[in-house]
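So the structure is just underneath, and the comments pick up after that.
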Amino acid sequence: MSDLLLLLLGPSPEAPLRWGVFGETRLIEGGWIESAAELGDLPAPALSAARTVALLPGEQVASRPMPAAPRGAAKLQAAAGYLMEDELGESAEALRIAVAGERTPPLAIAAKAAIVDAWADAFAAAGVECDVLSADYLALPSSAEAAMIVAEGGRVVAAFNGAGASMERDLFVDIGPALIGAPARLTIVGDAGIARLLPNREPDEWLGEANDARLLSIFADAVRASAPPNFRQARMFNRRAMQAAIAPWRRAGLLAAGLACLFVLGSVVDGVRAARIADRWDDAAHALHREYHPEDATADPVAYARRQLNSGAGGASFLFLSAKFADALEANDAVEIDRIRFNAARGEFVVSVRSQSDSAIEALKETLSGAGVVAEDAGGYRNIGGVWTGELTARAQ
């Protein structure tokens, strides 16, 4: 009996794709089909396989580590959604997001919803039940000490640091060495000469030419050894649920802020008219507050919203940390900030930093400490191309 059907997908369901069906230890049969429309015509052993794994071209899937990830599956999914939305500049509704929570650190992955949904429709139309939908580079084994490169024709699939990337060979020549760094162990499939792009390296292991049978077998062994992140996992990120949970006090706060703005503008342009509008905003804000927060119905909506924003499991407020961090950065201008995220549940910042010197990052942490803020490394730092990058957390002492 066949236990695995592996599909190396093309850029779309209309493009050719490779398939292979495996028994317990070997490739039984494999080949190419012209498009996903022919999936239903695969041989019986393929269609009766115990598990079907489909791997998207890695160019279509982004991945980001989550070194300061929250605990709990729901919070992890939510954090991954906000991270990938911020990184990719796409709304959560336009993405399909999954998390490999069993990895250390957890790994968030995202692809355009149109791509993932098109494949889901194609599998359904062919009568094929896809158990795992991931990316080629995410299926290959890698770690901070070991990297693996598959070089086939004009394309490179590289797995490193627990994640990786796929790209055209010409692009890999330009940016691949900086991405991979200097792993202690390097395994290559296909063009072994690509190792010479890395500083002072020859492959520690060469697995042979990148023919169809070898590639299918390597990916099959990899997905059997460790399950890659899966877009088909049952629990997908749903940002709308979170938005609904915080909407009551957010609406009240926004209405109250609108009241303040209208009052200031009205004093300059038309005090009487603006005051009347402000009264209506005020009435609406208090009505919404009483409706959604009956337990604190007499509170001022502005004060209530500020308490919500400033609370963070007993930690410091967002405004307090923002002020202290801004002052520390002004005193340590050798450190650059790529991204700042605020974890309200923990009352802390998660900050992505970069600098030409790791001592500059340490100086920033000392400055924050002197200002009453505990700054700690979140996963360590890497030196890529002479630039130190990493993440730190910051919270009140």
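Taking amide H atoms as placed 1.01 Å from N in the peptide plane, list the residues 5 or more away in sequence, or in a different chain, whose amide H sits under 5 Å from that of residue 143.
161, 162
For Cα pairs less than 8 Å apart in space and 6+ apart in sequence, what is the mean separation divided by the residue count of the stretch 318-396, i.e. the relative contact order in percent?
31 percent
Using the Kirkwood radius over C-alpha pairs as Rh, can you work out the diffusion coefficient of the stretch 319-369 via Stokes-Einstein at 4 °C, viscosity 1.567 mPa s, in µm² per second?
114 µm²/s
Using θ = phi - 60° and the Karplus curve 6.51 cos²θ - 1.76 cosθ + 1.60, what whole-Hz ³J(HN,Hα) does each residue of the stretch 162-172 get, with Gly and Pro shown as x?
x, 9, x, 6, 10, 6, 5, 4, 4, 6, 4
How far is it, in nm, from the label point at residue 168 to the one at residue 205 when both lie 7 Å from their Cα along the line to the Cβ?
Those two pseudo-labels are separated by 3.2 nm.
Give the long-range amide H neighbours of residue 230: residues separated by 5 or more places, or on another chain, with amide H under 5 Å away, using H modelled in the peptide plane at 1.01 Å from N.
Amide H neighbours of residue 230: 99.
Kindly write out, for the stretch 204-209 in residue order, the coupling ³J(HN,Hα) from the Karplus curve 6.51 cos²θ - 1.76 cosθ + 1.60 (θ = phi - 60°), rounded to whole Hz, with x marking Gly and Pro.
6, 8, 10, 9, x, 5
Quick one: P(r) of the stretch 88-174 from all Cα-Cα pairs, 5 Å bins, percents rounded to integers, in order of increasing distance.
3, 12, 17, 19, 20, 18, 9, 2, 0
Any read-out appearing in this document is the output of simple, stated calculations on the displayed coordinates, not a laboratory observation. Keep in mind that this is a model prediction, so the values were computed, not measured. Here Cβ is always computed from backbone atoms with ideal geometry, including for glycine, and neighbour counts include all displayed protein chains.
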